[in-house]
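These notes concern the structure reproduced below.
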Amino acid sequence: MSAPTAVDVRARIREVLARDVLPYAGQWERQRHISATGWRDMGRAGLFSHPHTGPGFLDSAVLLEELGNTGYAGIRAAVGVHAYMAASYLEMFGSPEQRAAYRPGMLAGTTVAALAISEDAAGSDLRRLSTVATPDGTGGYRVTGVKRHVANGSRAGLFVVLARIGEPVAGSGLTGAALLLVDAGLPGVTREPEPMIGWHAADVCRIGLTDVPVAGNRLIGRPERTLLYLMQALNMERMVAGLLAVGGVMHCVDLVDRFARSHQIKDAPLSANQSVRHRIADLRAQLDLVRQYGYHAARSHSRGELDVRTASVLKLQATELAVSAAQTCVQFHGARGYREDSAAARLYRDAMAGTIAAGASELMREMIFEG
Ligand SMILES: Cc1cc2nc3c(=O)[nH]c(=O)nc-3n(C[C@H](O)[C@H](O)[C@H](O)COP(=O)(O)OP(=O)(O)OC[C@H]3O[C@@H](n4cnc5c(N)ncnc54)[C@H](O)[C@@H]3O)c2cc1C
């Protein structure tokens, strides 16, 4: 099975990941962030330069799948947030001046980007957003609030922040919300790690914002269009999360398949048992379907036609499949798969984040049910 793009794109991406990511992946997991050198190496190799829109997005789909296929979901999440989820706001809705200020550093990996949308009370329900951007009377804003579970939090140079302009008005939904580019070095920005059970290299943090002075030219687009921006960007985010998860399942199924063929029980490979063979076959069949659906979503996005349902179906199916594949992977590895330092255990821990981050599975089902 091949993606709708040239084979050499995949080969080149695999080469870069094998050289600049996999040798350091264990260390990044242990230190719970990607090193500055790692970000720069990936930037130098062009990993952050694939297009967000148009026909070139098909190369991005291959990159996202292959990032997932490394088997390190924390790394794939960190890169996905930096190069796609956060960057998409700048690329799709930012001004030429904003792109000129941030794009070179982001492509080079010298400025790491993070997306600071979620809050304690505003995860699935963003209408409960409470971070406030108060106009300072000179065209700028003073931003105050607390953002939770922000990937790349401790290393980011740039936060894309969702805030309300002025005090929240009861029942106003997201009316009055705005997206701001907030430099991490501004006074009033604090970061505190929020250690997760998985996605260790994703560097998830609580971001405090206290009276942070943000210049008026760091407002993204037009505030009255924020809801439209969010709908478009969140849709893309779900597709990106889905493509990353597809790659994660590819890695997981290959791992359990290899183990089942090599591990001996009663003088025969584990895969000699029909129940084992059939479970792996079922996973491969489900993976084939969801992978093709991922390409369908990527093609739709490249034509500017990605709808809410397609993105939600992909995110739901790929991340839920990752959970059941990881469970099988641990089970078939026996105690060696339950060891904290095993690859199977990492896949198992990591998989659960996929069904929560970028929109919980239940929210995806709501979106699909609504049409
Ligand atoms: C590892 C990780 C990384 C993250 N990275 C980022 C990041 O970089 N930036 C960022 O802004 N946010 C990030 N998040 C936050 C993420 O987007 C939120 O966790 C997610 O939107 C869900 O919000 P919540 O956790 O507040 O759960 P809540 O909204 O409080 O929901 C709790 C649970 O309720 C259930 N639920 C929700 N809605 C419904 C419904 N309609 N029907 C039935 N059940 C429902 C779901 O099971 C859900 O998990 C990250 C989260 C994780 C776990």
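The values are calculated or read from the model by the stated rules, or taken from the named source; none is laboratory data. Remember, predicted model here, so these are calculated numbers, not experimental data. Reconstructed Cβ throughout: ideal geometry from the backbone, glycine too, with neighbour counts over all protein chains shown. When the accessible area is computed, the model is the full protein with side chains, heavy atoms only, and any ligands, DNA or RNA have been set aside. Shrake-Rupley method; radii C 1.70, N 1.55, O 1.52, S 1.80 Å.
Here is a yes/no grid of residues against (1) of a type in the set (A, V, I, L, M, F, W, C); (2) open to solvent by less than 10 Å² (accessible area, probe 1.4 Å):
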position: R12; (1), (2): no, no
position: Q31; (1), (2): no, no
position: S35; (1), (2): no, no
position: W39; (1), (2): yes, yes
position: F57; (1), (2): yes, yes
position: H82; (1), (2): no, yes
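Given the structure, is S300 in contact with a His (Cβ under 9 Å, 6 or more places away or on another chain), open to solvent by less than 30 Å² (accessible area, probe 1.4 Å), free of Cβ contacts under 8 Å to residues at least 60 places away in the same chain and in a helix (DSSP H, G or I)?
It is false that S300 is in contact with a His (Cβ under 9 Å, 6 or more places away or on another chain), open to solvent by less than 30 Å² (accessible area, probe 1.4 Å), free of Cβ contacts under 8 Å to residues at least 60 places away in the same chain and in a helix (DSSP H, G or I).
When A245, A178, A184 are checked against the criterion of being closer than 29 Å to S324 by Cα, within 23 Å of the chain's Cα centre (by Cα) and among the aliphatic types (A, V, I, L, M), A245 stands alone in meeting it.
Residues of the stretch 112-120 include none that is outside any loop (DSSP other than H, G, I, E, B) and either modelled with pLDDT under 95 or surrounded by fewer than 23 Cβ atoms within 10 Å (Cβ to Cβ) (or both).
Of all the residues in the stretch 321-369, those that are within 16 Å of the ligand (Cβ to nearest atom), more than 24 Å from V204 (Cα to Cα) and in contact (Cβ under 8 Å) with a residue 40 or more places away in the chain number 3.
Scan the stretch 216-233 for residues that are open to solvent by 50 Å² or more (accessible area, probe 1.4 Å) and either more than 16 Å from L115 (Cβ to Cβ) or assigned to a loop (DSSP other than H, G, I, E, B) (or both) and jot them down.
Across the stretch 216-233, the qualifying residues are N217, R222, E224, R225, L227, L228.
Here L283 meets the list (1) more than 24 Å from F57 (Cα to Cα); (2) among the hydrophobic types (A, V, I, L, M, F, W, C); (3) open to solvent by 80 Å² or more (accessible area, probe 1.4 Å) almost entirely, failing just condition (3).
When residues of the stretch 157-177 are filtered for being assigned to a loop (DSSP other than H, G, I, E, B), of a type in the set (A, V, I, L, M) and away from the ligand (no atom under 16 Å from the Cβ), how many remain?
Adding up the residues that qualify gives 2.
I want to confirm something. Restricting to the stretch 127-145 and keeping residues that are more than 20 Å from A360 (Cβ to Cβ) and buried (at least 21 other Cβ atoms within 10 Å of the Cβ), which single residue is farthest from the ligand (Cβ to nearest atom)? By that ranking, first place goes to Y141. Here the stretch 313-354 is the region considered, the condition is being acidic (D, E) and over 21 Å from the mean Cα position of the chain (by Cα), and the residue that is least open to solvent (accessible area, probe 1.4 Å) is D341.
Would you say P213 is exposed (fewer than 14 other Cβ atoms within 10 Å of the Cβ) and in contact (Cβ under 8 Å) with a residue 12 or more places away in the chain? Against the criterion (exposed (fewer than 14 other Cβ atoms within 10 Å of the Cβ) and in contact (Cβ under 8 Å) with a residue 12 or more places away in the chain), P213 does not qualify.
Could you tell me which of the residues S154, S124 is outside any strand (DSSP E or B), in contact (Cβ under 8 Å) with a residue 24 or more places away in the chain and either crowded, with 16+ Cβ neighbours inside 10 Å or away from the ligand (no atom under 15 Å from the Cβ) (or both)?
S154
Annotation note: of A25, A101, the sole residue that is open to solvent by 20 Å² or more (accessible area, probe 1.4 Å) and farther than 21 Å from M236 by Cβ is A101. Considering V182, V161, the condition of being in contact with a Gly (Cβ under 9 Å, 6 or more places away or on another chain) and outside the structural domain of I75 (by TED's automatic domain parsing) is satisfied by V161 alone.
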